[in-house]
Amino acid sequence: MKESIHTAFVRTRLRRAIWDKAMVYVLSLCAFGILLVLFIILGHLFIQGVTSLNLDFFIHLPKPVGEAGGGMANGIAGTFTLLLLAICVGVPVGLGSGVYLSEYADLRFAQVVRFMSDVMNGIPSIVYGIFAYIVCVLPMKGFSALSGGFALGIMMIPMITRTSEQFVRMVPPQLREAGLALGIPKWRVTLDIVIPSALAGITTGVMVALARVAGETAPLLFTAFGNNYWQRSLTQPIAALPLQVFNYAISPFDDWHRQAWAGAIVLILMVLIINGWAQFFVMSRNRWSSGK
Amino acid sequence: MSRHDTSDIVFRRILAVFPISILILVAGIFFELIWSSLPSLNKFGVGFLFSRVWDPVAENFGALPFIFGTCVTSLVALLLAIPIGVGAAIYLAEYAPPKVSKTISILVDLLAAIPSVIYGLWGIFVLVPFMRNSVQPFLGKFLGFLPFFQGPNYGVGFLAASFILAIIIVPFIISVSREVLIAVPSVYKESAYALGATRWEAIFNIVLSYGKVGILGAVILALGRAIGETMAVTMIIGNNVVISPSLFSPGYTLASVLANEFSEADTSMYLSALIEIGLVLFLVSIIVNILARILIWSVTKGPSEIIK
């Protein structure tokens, strides 16, 4: 009797130990499996992209079907134009809200706005496209760069609001008190001391938001619409790199598929460079604060 | 002194315009969507959600095939992504050495930064042929007795879209669950060790059950992403208005019908029906997000406030 209890105990202990060891492998397999998928995707992107990329891609307009060559110069320029327009919408509202939430808002109001920004962050990007279509494209009677920039801009607002609030809040209260003690009104303290101190962090937040909307396609489908030529004014349809990648990818032509891969690698490099730049701002900020 | 006060009040008022504009914006999106879909709302009523007819020529519209497609692709994507995502999060939070964990987390964030149109491109040229030539014949051969894996094999369809969605949402599940798991106070785990639990037993019985609400929040957040994901799905789902039990069948989702047909809508009723689909998408994503926030807050906020 005693013996069998002992063997049962040993068996259970062995089973528990094996289970314990096995799970380490299962769980690490999950993590490294995902890395494998990442490398497969980036690998395809890199190989296909680099072999189809050439100088023409950056300096030429798209060619009609059947003609070899051509590029997406207008798409690259268009994406930058759209991002500039988006900054004009997203940064004032986002930064203003962030600063207000950190410096002035009472608790209840701040919570409501924060919650609404989180909700806004979760709204599918195509819904922003519909909204921009209703409030910009319909009244202006046509697709335009302005409506595309507006759609991307309002998508940036919630992200910038949250990050800039966070970074403004991190400014040490002593800096504010020092300013107030000198008799400077609070609004000057906010503008001249608090915001400049948090500037590196705020810039990082803006860059991250920019990287996020740079690759967005869905909100541009029926706002910026795309254009095979150089756009002459902001009230006309404008080309954008993600849109061109989309249109070329779903086309039946091999030559366009190659262009789509080239566009994709330029797009991902753009997103990664903006993201990396953002990290650089965070690092320079940390150096500043640790050097004190 | 009073000059300072007035200038301060003016500044404060000006600044307050911005956060208020956020509230107005959300309300405005809601209002505009309802206003523009009124013709369709009036004509089809609630039946819009339950009708399976989508006939732009006869101006008869129902959203059921798209709701079906969104539900199927999101749920299958969750089924694929949850075990792998939570498993990876446990590995990163509990097992991996700090440096490995940090490196993998950065790479996972990289996965989240890839624009969805690039996932779609990769899907068209790599995933779809792979599904057509390997995965779907295999599933048809061994699980073909199930209605989910029958029918012609095109490569594009619900299954391919679910795969790409799973890849897109996995980074969200990992990063949020990892945060939730790290927030579990280590005292609980140490108590389990003291009682003789193995590492896995402590994680499974203590850490996971403490963090399950937060992980559920992460999953619901990922569900929100999956429902709203447009480009990648549009590019590989096959764009076919159908309700079919087979995952091999080409289909449509709420978001992808918008992407495909919105700029072609030639009549006001057609446009209004599409905007109503946008309204459905808006409402569903808001409900899902609110639910997820509440769940995540209830976990990560609690402990961090105690520490303060």
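If you check A:Leu243 against the conditions, is it under 24 Å from the mean Cα position of the chain (by Cα) and modelled with pLDDT of 90 or more?
Values: under 24 Å from the mean Cα position of the chain (by Cα): yes; modelled with pLDDT of 90 or more: yes.
For A:Leu243, the condition - under 24 Å from the mean Cα position of the chain (by Cα) and modelled with pLDDT of 90 or more - is met.
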With respect to A:Val189, determine if the residue is part of a helix (DSSP H, G or I), farther than 28 Å from B:Phe31 by Cα, free of Cβ contacts under 8 Å to residues at least 60 places away in the same chain and within 12 Å of chain B (Cβ to nearest Cβ). yes
Restricting to the range B:38-56, count the residues that are in a helix (DSSP H, G or I) and either in contact (Cβ under 8 Å) with a residue 24 or more places away in the chain or in contact with an Asp or Glu (Cβ under 9 Å, 6 or more places away or on another chain) (or both). 8
For the range B:205-224, which residues satisfy the criterion of being of a type outside the set (A, V, I, L, M, F, W, C) and surrounded by fewer than 18 Cβ atoms within 10 Å (Cβ to Cβ)? B:Asn205, B:Ser209, B:Lys212
Quick check, is A:Ile157 within 16 Å of the chain's Cα centre (by Cα), at the interface with chain B (Cβ under 7 Å from one of its Cβ atoms) and among the aliphatic types (A, V, I, L, M)? yes
Picking from B:Ile84, B:Ile9, the residue that is among the β-branched types (Val, Ile, Thr) and under 28 Å from the mean Cα position of the chain (by Cα) would be B:Ile84
Answer yes if at least one residue in the range A:126-139 is in contact with a Phe, Trp or Tyr (Cβ under 7 Å, 6 or more places away or on another chain), touching a residue at least 24 places away in the same chain (Cβ under 8 Å) and more than 25 Å from B:Ala259 (Cβ to Cβ), and no otherwise. no
Which residue is nearest to B:Met269 (Cα to Cα), if the candidates are limited to the range B:31-76 and must be within 14 Å of another protein chain (Cβ to nearest Cβ) and not hydroxyl-bearing (Ser, Thr, Tyr)? B:Pro39
Members of the range A:55-106 that are within 14 Å of chain B (Cβ to nearest Cβ), aliphatic (A, V, I, L, M) and in a helix (DSSP H, G or I): A:Leu82, A:Leu83, A:Val89, A:Val91, A:Val93, A:Leu95, A:Val99, A:Leu101
Given the conditions (1) at pLDDT below 90; (2) crowded, with 19+ Cβ neighbours inside 10 Å; (3) in contact with a strand residue (DSSP E or B) (Cβ under 8 Å, 6 or more places away or on another chain), which single one is not true for B:Tyr154? (2)
State the number of residues belonging to the range B:1-50 that are touching a Phe, Trp or Tyr at 6+ places or on another chain (Cβ under 7 Å), more than 18 Å from B:Val284 (Cβ to Cβ) and of a type in the set (Ser, Thr, Tyr). 1
Find the residue count for the range B:140-155, including only residues that are more than 15 Å from B:Gly251 (Cα to Cα) and touching a residue at least 24 places away in the same chain (Cβ under 8 Å). 2
Out of all the residues in the range A:226-236, is one or more crowded, with 24+ Cβ neighbours inside 10 Å and touching a residue at least 60 places away in the same chain (Cβ under 8 Å)? no
Only one of A:Ser233, A:Ser251 that is of a type in the set (S, T, N, Q) and away from chain B (no Cβ under 11 Å): A:Ser233
B:Ser175 vs. criteria more than 20 Å from B:Asn289 (Cβ to Cβ), out of contact with any helix residue (DSSP H, G or I) (no Cβ under 6 Å at 6 or more places or on another chain) and among the hydroxyl-bearing types (Ser, Thr, Tyr): no
Go through the range B:106-182 and tell me which helices (runs of 4 or more DSSP H), entirely inside it, have 3 or more residues that are more than 10 Å from chain A (Cβ to nearest Cβ). B:136-143, B:158-182
In this structure, is B:Phe66 surrounded by fewer than 22 Cβ atoms within 10 Å (Cβ to Cβ) and either in contact with a helix residue (DSSP H, G or I) (Cβ under 9 Å, 6 or more places away or on another chain) or under 30 Å from B:Ile182 (Cβ atoms) (or both)? no
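The values are calculated or read from the model by the stated rules, or taken from the named source; none is laboratory data. Computed from a prediction, not measured in an experiment: that's the story for all the values here. Note that each Cβ is placed from the backbone with ideal geometry, even for glycine, and that neighbours are counted across all protein chains shown.
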